Amino acid sequence: MATIDVDALREYLRDYYGAAMMSGLWPAVADLGEVDAMGGHELCERAEELGVDLRKFAVGK
């Protein structure tokens, strides 16, 4: 199991939801707020649900 840089992952998800919001998908505002409140495990689960490759955020390979 790899160690994930959760700060980088959180920033990625902020950008992801922010772009969706700016594209007119306003429900992404709620998701954007949730990202800040999530712990590392929750962030990884959400990213996997979205199809994000967590290997891009692995540290200490």
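The values are calculated or read from the model by the stated rules, or taken from the named source; none is laboratory data. This one's a predicted model, so the numbers in the text were calculated from it and none came from an experiment. Every residue, glycine among them, receives a Cβ derived from its backbone with ideal geometry; neighbour counts consider all protein chains shown. Side chains included, ligands, DNA and RNA excluded: accessible areas come from the protein's heavy atoms. Shrake-Rupley method; radii C 1.70, N 1.55, O 1.52, S 1.80 Å.
Only one of these is open to solvent by 40 Å² or more (accessible area, probe 1.4 Å), closer than 12 Å to Arg10 by Cα and out of contact with any strand residue (DSSP E or B) (no Cβ under 7 Å at 6 or more places or on another chain): Asp36, Asp53. Name it. When all the criteria are applied, what remains is Asp36. Look at region 25-46: where a residue is without any contact (Cβ under 8 Å) to a residue 24 or more places away in the chain and a partner is open to solvent by 80 Å² or more (accessible area, probe 1.4 Å), sitting 6+ places away or on another chain with Cβ atoms under 8 Å, you get Leu32/Arg14.
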